[in-house]
Amino acid sequence: MKQIAVLGSTGSIGTQTLEVVRANKDMQVVSLAAGSNIDLLEQQIQEFHPEVVCVYQEKQAKELEKRLAGERVTVLAGMDGLIACATASQVQIVVAAVVGMIGIRPVVEAIKAGKDIAFANKETLVTAGHIIMPLIRQKGGKLLPVDSEHAAIFQCLNGESDREVAKILLTASGGPFRGKKRNELECIQVEDALKHPNWAMGRKITIDSSTMVNKGLEVIEAKWLFDVEFDQIQVVVQPQSVIHSMVEFRDGAVMAQLGTPDMKLPIQYALCYPQRRDLAGERLDFWEIGSIEFERPDLETFRGLALAYEAGKMGGSMPTVFNAANEKAVALFLDRRIRYLEITDMIAECMQKHHNIADPSLEDILAVEQDVYRQIEAKYH
């Protein structure tokens, strides 16, 4: 029986993880953690019967505890609760699917506790890859990527030597504004940016996809996951989202992983690795697809991708600034307090003002995050 913790159980990745668990009778949920959606979390508890749950917001945690009076489940709150869910003794693998940098500490503690990590919280590697990867090697656990692109690369590398990799070809759909120029994006509204052509995702990641900041975060994540340099990572726009990513080897061979745009495949692969299992759903029909297109990314229009390469190459605390500024900017845009193009403008401004820390500790990273938040809040209070 595979014992699982799901951090971020009410989000897009979390709910799809539970769909995978539902279809595999040899998987058991030990713990669940959510931000504030206690209605959905309560339903998940009634179905999966975890031993411990966490609601990050304390007020909602107390409300859930009242609702569950008499149930055999422990309800916790805040960061301590997240860490408890990630490190519960029975847990074998932690699905890290919380959004944002609150996922760093639970992931670090889970690795220290000897857990495998099914990884969907890209902010953790983006900001703390220099801490996470050595810790994984030291503790001997597995870090199994769940993002479709990194899961694709991981599959392409199975049985291959890392030293033979020439290039990572990270594919991108181009988002809802592919082909548009910067001046055409000046009047974009929230509803426009939330219309992704291929994927059904949470609101924040959908906005990130529209700006291509999400692809920038994936570039930095790929550097750490696959131990490559930034000039070995090439973003390729592939609008049909059929090729999830590719690897070019030293001899010129290119391996690609293809599939329908369904996150349950990389989730199940991570939970069952190295085994492949039946998975219900559509299959690719190449006669129906007909052709697959490739384009260069427009780094002038989609400035977020260019800024990610810049932050990644600078290293240190700069990727934290990139990520934190984007988190705050996207939240402001979703609240209709800034215009769409101000998202990347805000990232660039925060990066320009930051004095880079070459080798930040976990405490440094979290402090830089708060400094960026304060800087933006002072401007948009």
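The values are calculated or read from the model by the stated rules, or taken from the named source; none is laboratory data. Since this is a predicted model, take the numbers as computed values, not measurements. Here Cβ is always computed from backbone atoms with ideal geometry, including for glycine, and neighbour counts include all displayed protein chains. Heads up: the accessible areas ignore ligands, DNA and RNA and are worked out on the full protein's heavy atoms, side chains in. Shrake-Rupley method; radii C 1.70, N 1.55, O 1.52, S 1.80 Å.
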query = If the chain between H381 and R277 were fully stretched, how many nm would it gain, using 0.36 nm times the residue separation less the Cα-Cα distance?
reply = 32.4 nm
Distant alpha-carbon pairs in segment 280-381 (separation over 21 angstrom), percent = 46
query = With no solvent and one point on each alpha carbon, what is the Debye value of log10 I(q)/I(0) for segment 43-182 at q = 0.12, 0.16, 0.21 Å⁻¹?
reply = -0.63, -0.94, -1.29
remark   = If the label point sits 7 Å along Cα→Cβ of E229, residues of segment 296-321 with amide N under 18 Å come out as 309-316
query = Along each of its three principal axes, how wide is the spread of alpha-carbon positions in segment 214-262, in whole angstrom units, largest first?
reply = 29, 28, 16
note = Projecting the Cα atoms of A69, M101, S31 onto the charge dipole of segment 30-116, where Lys and Arg contribute +1 and Asp and Glu -1 at Cβ, the residue farthest towards the positive end is M101
note = If each part is reduced to its alpha-carbon centroid, segment 299-365 and segment 219-238 end up apart, in Å, by 18
request  = For segment 49-110 and segment 174-189, compute the distance between their C-alpha centroids and round to whole Å.
outcome  = 39
key: Average accessible area per residue (Å²) across the chain - probe 1.4 Å, nucleic acids and ligands excluded   = 45
ask   = Could you give the nm distance between label points at R337 and F294, where each point is 7 Å from its Cα heading toward the beta carbon?
value = 4.3
query = Do any GluC sites (Glu not before Pro) in segment 217-325 lie in a loop, going by DSSP, with at most 12 other beta-carbon atoms within 10 Å of their beta carbon, and if so which?
reply = E229, E282, E293, E300
ask   = Taking only the alpha carbons of the chain, what extent do you get along each of the three principal axes, in Å, biggest first?
value = 58, 52, 41
